[in-house]
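Contents: one structure, followed by commentary.
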Amino acid sequence: MTELKGIAAANGISIGVAYKLGKEDFIVPKEGIIESQIPLQIQIFEEALIKTRREIIELQKRISSDMGKDEVQIFDAHLLVLEDRMLIEEVISRLKKDKLNVAFIFQEVLKKYVSVFAKIEDEYLKERISDINDVGKRTLRNILGKEKKGLSEFKDKVIIVAHDLSPSDTAAMHKKGVGAFVTDVGGKTSHTAIMAKSLEIPAVVGVEGATAAINSGDMLIVDGSLGIVIVNPDKKALDLYHTAEEESRGVTQRFLSAKDLPAITIDGVKVEINANIEFPDEVPAVKLHGGEGIGLYRTEFFYMNRKDSPTEDEHYLAYKYVAQEMSPYPVIIRTLDLGGDKFLSQFKIPYEMQPFLGWRAIRFCLARPEIFKLQLRAILRASIHGNLKLMYPMISGIEELRQANKILGEAREELRAKGVPFDEDIQVGAMIEVPSAALTADILAKEADFFSIGSNDLIQYSLAVDRANEKVAYLYEPAHPAVLRLIKGVIDSAHQGDINVGMCGEMAGEPSLALILLGLGLDEFSMPPQVIPELKYLIRSLTLKQAKEIAEEALKLSTGKEVEDYAQAKLKEILK
Ligand code: PEP
Ligand code: MG
């Protein structure tokens, strides 16, 4: 039994069998086939080989015009792998014998080749390993494309162990198929962690050496609340965790009692408790957990795992559905926020040294107004179907807000010209997630209808800590005095400017910190749906006066740790 420690990214406990992904792998499902399916599997394999060959020759042509002969020769070696009779015959004979899907068998045979080559004391042959891997991956992708299988088709309940998972990998996973995630890298507010929460999958990220210590088939206990992974647990650990699972169900029951009640403090102050979603099909979960609205709809996930971009009508239909389903409650649609750790292949964003500081979010949208305006038109059109609001991500100052509003004005004009109805009074907000925006919130408040604090980014930018990097995760402190002061300034400026201010970063759903936010005067809290009952329960358990005192005391403290400990103690006291 080994215990590994990482960063608790998504609450919950899961006990299951590990399935390890290589650094650039994708999950290859293992599936039994029947005798009559063998010819089709062979055909899939042959077509994938032909397609891969064509791709390589195409690549070779392109490269030979840009680069020299040496580079082209690499692809000759790749083509040789594809023509290797021994490899092809072994795949076919194992396919017939083992009666498993061809993608799985091909991957197994490749692994065997790689391990044989790795043992040979010959530099030339050793170098062939990377050729086998490269061409193997290319072929596997083509086989899986044919089989229309991939990450999302994983059937058995397993625990995924990977060096890293992209938000789109995570988004593609079937809720039922995956018991938990464990990754070597990553931070608490990386979009992979956020997705895990949305999918209600326990996750521990930033577990250094997880992929080295864990093998596929190992039994794992993943404690997403404490950030612990136990490899091949003994009976005592298993018993302990089975009991913990039951206890946590009991606590959840207690919070669930508050889920359909309003979030009103004992002294009668109401705040809004909303949900964050990535996909329209999360709406039922929002309702189930008592969400009163959507405080953040991350629309960029609409663009993920597809080669083309959604059309205006696709956007419109998705927004209309969410607006109608949630009506009369508000739905805040956040415009496209790509970049950072969210890449979309269709836009061919160039590689950047500092993607979080680069061509992201509103910066991208202002540079590509045709993409931006298409989305804005769709939001406007959907606005007549419910209580829709929109907000721009990563506003860094008033000029960006004005530029974005100018394009919104053009979108309005285009619709008016065509006689398409929309809500003329739709509220337009700014996310406050860049320190420059936080510090000029008084100026922004004059031209924005509301604010939503994006604490995930605000923390990373104000503390200079990459939110997705486990090495510096210890410095990522939501309770840091600098963060609290910035947030206080934003809330005060919003109220002086007579606008509402919410928060849609993960911090809003952290009960201990929510106490402070309530005391600072936050009007709206938006969080993953599952956290809503606990937050409602908490807000109904204290007075605003108490919360104000807690915030005041917290602001006097010198370190994030002191604030965190203080808030945790207060939380315990309140929840007893
Ligand atoms: C944030 O930054 O807090 C936020 C809600 O946006 P995202 O997590 O999508 O960057
Ligand atoms: Mg953000």
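The values are calculated or read from the model by the stated rules, or taken from the named source; none is laboratory data. Since the model is a prediction, treat every value here as computed from it, not as a measurement. Reconstructed Cβ throughout: ideal geometry from the backbone, glycine too, with neighbour counts over all protein chains shown. To get the accessible areas, we keep the full protein, side chains included, count just its heavy atoms, and leave off ligands, DNA and RNA. Shrake-Rupley method; radii C 1.70, N 1.55, O 1.52, S 1.80 Å.
Applying D = kT/(6 pi eta Rh) to the chain, where Rh is the Kirkwood radius over alpha-carbon pairs, T corresponds to 10 °C and eta to 1.306 mPa s, the Stokes-Einstein value obtained is 61 µm²/s.
I'd like the carbon and sulfur percentage of the solvent accessible area for the chain, probe radius 1.4 Å, heavy atoms only, ligands and nucleic acids excluded. The C+S portion of the solvent-accessible surface of the chain is 54 percent. Taking the longest Cα principal axis of the chain as reference, the axis of helix 560-575 is set at about 70 degrees.
Here the Karplus curve 6.51 cos²θ - 1.76 cosθ + 1.60, taken at θ = phi - 60°, turns the phi angles of the stretch 269-279 into couplings of 9, 9, 10, 8, 10, 10, 10, 9, 10, 10, 9 Hz, with x standing for Gly and Pro. The figure for Arg306 is an accessible area of roughly 50 square angstrom, using a 1.4 Å probe on the protein chains alone. Its relative contact order, with pairs defined as Cα atoms under 8 Å and 6+ residues apart, puts the stretch 380-477 at 28 percent.
The angle between the Cα long axis of helix 69-82 and the longest principal axis of the Cα atoms of the chain comes to about 70 degrees, rounded to the nearest 10. In the context of the full set of protein chains, residues of the stretch 200-258 present 50 Å² of accessible surface per residue (probe radius 1.4 Å, heavy atoms only).
Cα extents for the stretch 439-485 along the principal axes, largest to smallest and rounded to whole angstrom: 39, 19, 13.
Angle of helix 369-382 to the longest C-alpha principal axis of the chain, folded into 0 to 90 degrees and rounded to 10: 60°. The distance linking the stretch 480-525 with the stretch 1-15 is 30 Å (Cα centroid to Cα centroid, whole angstrom). Residue-wise HN-Hα couplings along the stretch 389-405, as the Karplus relation 6.51 cos²θ - 1.76 cosθ + 1.60 with θ = phi - 60° gives them from phi, are 10, 10, 9, 9, x, 6, 5, 10, x, 4, 5, 5, 4, 5, 4, 5, 5 Hz; Gly and Pro carry x. 3J(HN,Hα) couplings calculated from phi for the stretch 539-555 with the Karplus curve 6.51 cos²θ - 1.76 cosθ + 1.60 (θ = phi - 60°) are, in sequence order, 4, 7, 9, 9, 9, 5, 4, 4, 4, 5, 5, 4, 4, 4, 4, 4, 5 Hz; Gly and Pro show x. Checking the cross-link pairs Lys287/Lys373; Lys30/Lys342; Lys188/Lys471; Lys188/Lys287 against a 19 Å limit on the alpha carbon distance flags Lys287/Lys373; Lys30/Lys342; Lys188/Lys287 as lying beyond it. Candidates Tyr461, Ser512, Val563 compared by Cα position along the dipole of the stretch 257-575: farthest toward the positive end lies Tyr461, with charges placed on Cβ. Ranking Phe364, Phe422 by solvent-accessible area of protein heavy atoms (1.4 Å probe, all protein chains present), from largest to smallest, gives Phe422, Phe364. Structural descriptor for the chain: relative contact order 15 percent, calculated from alpha carbon pairs under 8 angstrom and at least 6 residues apart. About its Cα centre, the dipole of the stretch 257-575 is roughly 320 debye, where the only charges are +1 on Lys and Arg Cβ and -1 on Asp and Glu Cβ. Among the listed pairs Lys20/Lys97; Lys20/Lys236; Lys348/Lys418; Lys348/Lys488, a Cα-Cα separation exceeding 29 Å is found for Lys348/Lys418; Lys348/Lys488. Rounded to the nearest 500, what is the 222 nm mean residue ellipticity of the chain from helices alone, with -39500 (n - 2.57) per DSSP H run of 4+ residues and division by all residues? Calculated mean residue ellipticity at 222 nm is -15500 deg cm²/dmol.
Legend: residues Ser166, Ser190, sorted from most to least accessible area (1.4 Å probe; ligands, DNA and RNA excluded), read Ser166, Ser190.
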